[in-house]
Amino acid sequence: MTVYGLTKQRWLQVISAYSGWLMDGYTTIAYALVAVTISTIFFPSTIGIYGLVATFGGLAVEEIARPVGSVALGNFLGDKIGRKNMLVITIIGFSVFAASKGLLPSYKSIGIVAPILLYVILFIEGTFAGAEYGGGTTLSMEDVPAKKRAPVGAFVQSGFGTGFFIVSFVFAALSSYYGRAEFAVIGWRVLFYTTIIPGLLTLIIRYITSETQIFDDMKKNNEILREPVVGLFKKGGKPLIFALIFTSGLLFINTVTFSFYPALLALLNPGISDAKIGTYNALINLVSLFGVWIGGITALLIVGRKKSILIYSLIFIIITYPIAFFAFKGGAIIDLIVFSVQAFFEAMIFSTLPAFLAESFSKTFRTTGVGFAYNGGAIFGGFAISIVLFFSTIMHSLFAAWTLWLFLAELIMMLGILASAETFRYGGPDKIAQ
């Protein structure tokens, strides 16, 4: 039996990758949602906004670890023992360390050791998370026919938004149940503990998922490289460099929007309840899911991964200033509306990214290449919120700092995609087994 031309095992591969992105979205946004709360738990309250800057700096620590994980685990596991086997290992480490943040002691208890432990946990978590994108994208894209790869890839990419959507409602529910004072004591810990649930479900799915036919054929034909990462840097040079430039800009934008929305809503609307912040973020991300799905379907009409990304990016750039203007001038409802519009068009840019990256690298180092191209770009993005907050103190305007850095990141993003080669045209090969 096939659905959309894919067998049951092919869909298990797709869902396996999707569930990993759901886990990533869940854990990343869980941290962003409680950032304001834990900024005074892991850092001294006397340092004011710099405590929040340091808390969001934890995202940078995690992002620095991701390319390390994508290269190390992709090289020694994904491109050598198999995409599926690597993803079983990574999801165990990812979920365990994500949940362990709820066990950490506070600054009042052990002083400077508290933020150090937080950063260490985030680094280890990021190492495992870094292997997710390369392995998941490769597992889900390799056996999918080229003409169907864009919408299927968009579905996989929407896993992150689904995780964001779910954890926002979990946060809203816990905030309502505990109340603001009690949430600051125990509620945020419970939120981190819940990350073990999507991790366990993902592990079960991956356990029953098969390896890709392309990798199985590589084993039979003795095509597995001894050091895939060497092949990546020797043969994947230009595609890798241009992809890194593109993802650096795109993931900076993603961090300073999606990951910053919870704190931004609180900063722009003093007195707004945590439950309402969670609900609003869930709604924003619900809209973004339609953006990524519609982007994947529309890409079938546009034809070409690069062309699709360019068109979606230009639309996003055009609406940047109006979005920022109304967000900082209006109230909470206006913020909900304009951030939802922004999230919708940003999600469209991401829709063809899995197909674009999977088609950019050879099968022999695809897991390593896709993982490093994506996670290497995330390093710059990891510092995005801390950079914007720091510049807001220099420019004495969060609006000016946020808008300025959005435009700078958009410029980087456009330079990367313009320099990249098109990876798909109708009439080309149906598979990406090169």
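FYI, it's all coordinate maths here, none of it is from the lab. These figures come from a predicted structure and were not determined experimentally. Here the Cβ is made from the backbone with ideal geometry for all residues, glycine too, and neighbour counts use every protein chain on show.
Which shape class, rounded, prolate or oblate, goes with the range 291-386 when its Cα gyration tensor gives a ≥ b ≥ c as root eigenvalues, a/c under 1.5 marks rounded, and past that a/b bigger than b/c marks prolate? It would help to have the intermediate numbers written out before the result.
Values: a/c = 3.02, a/b = 1.63, b/c = 1.86.
Verdict is oblate for the range 291-386.
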For the pair residue 46 and residue 190, how long in nm is the line joining their label points, each one 7 Å along Cα→Cβ?
3.4 nm
Just to confirm the number: angle between the C-alpha axis of helix 274-302 and the first principal axis of the chain, 0 to 90 degrees, nearest 10?
30 degrees
Which residues make up the longest stretch of the chain clear of GluC sites (Glu not before Pro) that lie in a DSSP loop with no more than 15 other Cβ atoms within 10 Å, not counting the sites?
1-222
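What are the semi-axes of the equivalent ellipsoid for the chain, taken as the square roots of 5 times the Cα gyration tensor eigenvalues, largest first, in whole Å? Let's see the in-between values first.
Values: eigenvalues 230, 117, 76 Å².
With the √(5λ) rule applied to the chain, the semi-axes are 34, 24, 20 Å.
If a/c stays under 1.5 just call it rounded; otherwise compare a/b with b/c (prolate if a/b is bigger, oblate if not). Do that for the range 363-419, with a ≥ b ≥ c from the square roots of the Cα gyration tensor eigenvalues. The partial results should precede the final answer.
Numbers: a/c = 6.01, a/b = 2.25, b/c = 2.67.
Oblate, since a/c reaches 1.5 and b/c is not below a/b.
Checking the table 8/84; 101/276; 84/220 against a 19 Å threshold on Cα-Cα, which pairs fail?
Details: 8/84 16 Å; 101/276 24 Å; 84/220 17 Å.
Too far apart for the 19 Å limit: 101/276.
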Projected area of the range 18-127, taken from the Cα convex hull and averaged over every viewing direction, in nm²?
6.8 nm²
Relative contact order for the chain, counting Cα pairs under 8 Å that sit 6 or more residues apart, in percent:
28 percent
By how many degrees, between 0 and 90 and to the nearest 10, does the Cα long axis of helix 83-100 differ from the longest principal axis of the chain?
10 degrees
Quick calc, the chain, dipole around Cα centre from Cβ unit charges on Lys, Arg (+) and Asp, Glu (-), nearest 20 debye, gives 660 debye
Would you list 10, 180, 189 from fewest to most Cβ contacts within 10 Å?
180, 189, 10
One would report the Cα pair-distance distribution of the range 105-149, bin width 10 Å, in %, as 24, 26, 19, 15, 11, 5
